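Single-structure report; data block below.
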Amino acid sequence: MNFYEDEIRPPDKIKRETLLQHNRSVFDKQLDEALYQSLQLYQNEVQKHEELEKKLLQQQREEIEKRKNLVKPILFELNRISKFDQKINNIFEIIDPILDSYCGLAFEDCTLDKKTYHTIFNGLTKTRINMDILMSIIKSE
C-alpha cells in the first residue's frame, strides 16, 4: 500500500444547473443598458485621451530632439574654446544653462538685460558660432 493513496480525496459529485427565468423588470433592463452604454462611452473617452497624450508626448520628444540638435554644435564649439579663453568660458557659463533650459522646453526664448546680452554677443563675434540661432533664442530687453 502506498503512503500517498490514503490522502487523495474522492472527486466532487456532479451538479447540474439550469438557468432561471429572466424575471427582471423593464426598468432594471433599461438601467443595465444605460450603465453599459455609459461604460462604453467612458472607455472610448479614456482611449481618446490616452492616444492624445501619447501624441503630445511624442511631439514633445521630437521638439526636444530638434532643439538639442540645433544647439549641440554651438555648445560643443563653446566648450572647446572655453578651455583656452577665459572670456569665452564666462560666456559659456552664462549660455549653457540658458540653452539647457531651452532644450528642456522651459521657454521659447530668453530675455536678458542689455549688458549681459551685449557681453555675450560681443564676446562671440570672433568665434565661428552660428549667431543667428543664439539670437533667436536669447533676446535683449
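Every read-out reported here was derived from the displayed coordinates using simple, explicitly stated rules and does not represent laboratory data. All figures in this text were calculated on a predicted structure; none of them were measured in a lab. Ideal geometry is used to build each Cβ from the backbone, glycine not excepted, and the neighbour counts take in all protein chains shown.
Kindly indicate which of LEU31, LEU56, LEU39 is under 27 Å from GLY104 (Cβ atoms) and surrounded by 10 or more Cβ atoms within 10 Å (Cβ to Cβ).
LEU56
If I go through segment 93-141 residue by residue, how many of them are free of Cβ contacts under 8 Å to residues at least 24 places away in the same chain and surrounded by fewer than 12 Cβ atoms within 10 Å (Cβ to Cβ)?
The number of residues fulfilling the criteria is 10.
Which one of these does PHE84 not meet: (1) surrounded by 11 or more Cβ atoms within 10 Å (Cβ to Cβ); (2) outside any helix (DSSP H, G or I); (3) of a type in the set (A, V, I, L, M, F, W, C)?
Exception for PHE84: condition (1).
Looking at GLU50, GLU7, GLU17, GLU65, which is the one that is farther than 30 Å from LYS139 by Cα, under 22 Å from the mean Cα position of the chain (by Cα) and either acidic (Asp, Glu) or loosely packed, with under 10 Cβ neighbours inside 10 Å (or both)?
Result: GLU50 is the single residue among GLU50, GLU7, GLU17, GLU65 that is farther than 30 Å from LYS139 by Cα, under 22 Å from the mean Cα position of the chain (by Cα) and either acidic (Asp, Glu) or loosely packed, with under 10 Cβ neighbours inside 10 Å (or both).
Take TYR102 and decide whether it is under 17 Å from SER136 (Cβ atoms), assigned to a helix (DSSP H, G or I), of a type in the set (Ser, Thr, Tyr) and out of contact with any His (no Cβ under 8 Å at 6 or more places or on another chain).
yes
Could you tell me whether LEU57 is aliphatic (A, V, I, L, M), farther than 30 Å from ILE129 by Cβ, in a helix (DSSP H, G or I) and within 22 Å of the chain's Cα centre (by Cα)?
Yes; evaluated as a whole, the condition is true for this residue.
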